[in-house]
2 protein chains.
Amino acid sequence: MTRIKASSTIQENKLAAYQLCPVTYVMEKISGYWKPIILYQLLSGSKRYNELKKAIPSITEKMLIQHLKQLETDQLLIREALPVVPPHVTYRLSPSGERLQPVLQAMAAWAIEDSKDKEHILFSKSLS
Amino acid sequence: MTRIKASSTIQENKLAAYQLCPVTYVMEKISGYWKPIILYQLLSGSKRYNELKKAIPSITEKMLIQHLKQLETDQLLIREALPVVPPHVTYRLSPSGERLQPVLQAMAAWAIEDSKDKEHILFSKSLS
DNA sequence: AATGATACATACTTTAGGGTAAGTACTTGT
DNA sequence: ACAAGTACTTACCCTAAAGTATGTATCATT
């Protein structure tokens with residue numbers, strides 16, 4: 001797994017900004033291209049590793065587990081492994097992760113509204 | 001300004017995912033470490049370039065304008081320059097940007113809740 | 001003539017994130 | 001004996017994003 005160097009300017013800045021700006025705090029936890037997408041998928045209930053893979057076709061396996069591990073460490077989701085063979089592992093949102101629901105849903109709502117506008121622009125452009 | 005290469009795997013994936021997942025659409029627009037932070041600052045009203053710089057001390061000037069330009073291109077904010085010397089430039093949210101308010105505020109709310117929990121953990125740890 | 005203020009721009013370098021490809025372990029099915 | 005399914009792991013590489021440092025234009029002030 002890709003390790004993160006502890007001391008670089010950005011890491012220190014992050015640490016500082018962390019305490020000052022609540023939005024920064026969120027970005028620490030859910031930034032990274034795939035994280036919100038994974039979380040969004042888990043809003044509808046717990047999923048197995050393979051189910052997530054299928055639900056997010058363009059993600060690579062490396063990215064998937066990497067972020068799953070990260071999200072687990074950040075206590076946004078909970079991993080449950082049944083000691084059977086072949087393995088059976090499920091991921092679900094933690095209480096903290098579930099509290100992100102309004103955030104993710106506000107995102108989705110905005111996206112739908114905003115892309116509606118953009119279609120309109122595209123449409124009027126295609127007429128000119 | 002740093003240019004973005006048009007065709008690389010990630011760019012193509014982004015384009016594909018873009019249409020499928022609303023959260024991805026949002027991430028296109030507000031991902032990048034500083035973007036939500038800048039937007040959050042502008043929620044409280046229009047600000048001058050220097051005001052933003054002071055409000056976000058750890059951001060570099062390069063990152064600041066780079067993201068301001070990007071946000072302007074994405075039509076999330078509006079730049080207004082008075083033709084005076086020294087220059088007087090203000091930035092404010094566009095209608096589309098203002099519609100992000102629920103998102104950013106949901107983020108902030110979550111951050112406050114979540115860090116409350118974490119303080120508690122830290123506190124109990126310091127006792128043991 | 002030099003300094004300060006404002007809002008940038010630009011060249012160069014580093015780093016973190018993401019991508020590719022291949023391998024692992026363990027068992028069931030053919 | 002070999003393939004297939006599950007959930008990963010690991011090594012290596014490449015690029016986009018972020019950081020550092022310095023420069024620019026214009027005028028007012030000292």
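Across all C-alpha atoms in segment B:32-127, the radius of gyration and Dmax reach 16.5, 60 Å. In whole angstrom, note down how far apart the Cα centers of segment B:79-113 and segment A:33-71 are. Taking the Cα centre of segment A:33-71 as reference, the centre of segment B:79-113 is 31 Å away.
The solvent-accessible area of B:M107, taken with every protein chain present and a 1.4 Å probe, is close to 0 Å². Per residue, segment B:27-128 exposes 54 Å² of solvent-accessible protein surface, assessed with a 1.4 angstrom probe and all protein chains in place.
Remark: accessible area buried at the B-A interface is about 3600 Å², both chains counted, probe radius 1.4 Å.
When the C-alpha to C-alpha distance is required to be over 23 Å, the pairs from B:K47/B:K69; A:K116/B:K29; B:K62/B:K116; A:K35/B:K29; A:K35/A:K62; A:K47/A:K69 that qualify are B:K62/B:K116.
The values are calculated or read from the model by the stated rules, or taken from the named source; none is laboratory data. Treat the numbers as computed from the prediction; the structure is a model and nothing was measured. For the accessible areas, the whole protein counts, side chains as well, though only heavy atoms, and no ligand, DNA or RNA atoms are used. Shrake-Rupley method; radii C 1.70, N 1.55, O 1.52, S 1.80 Å.
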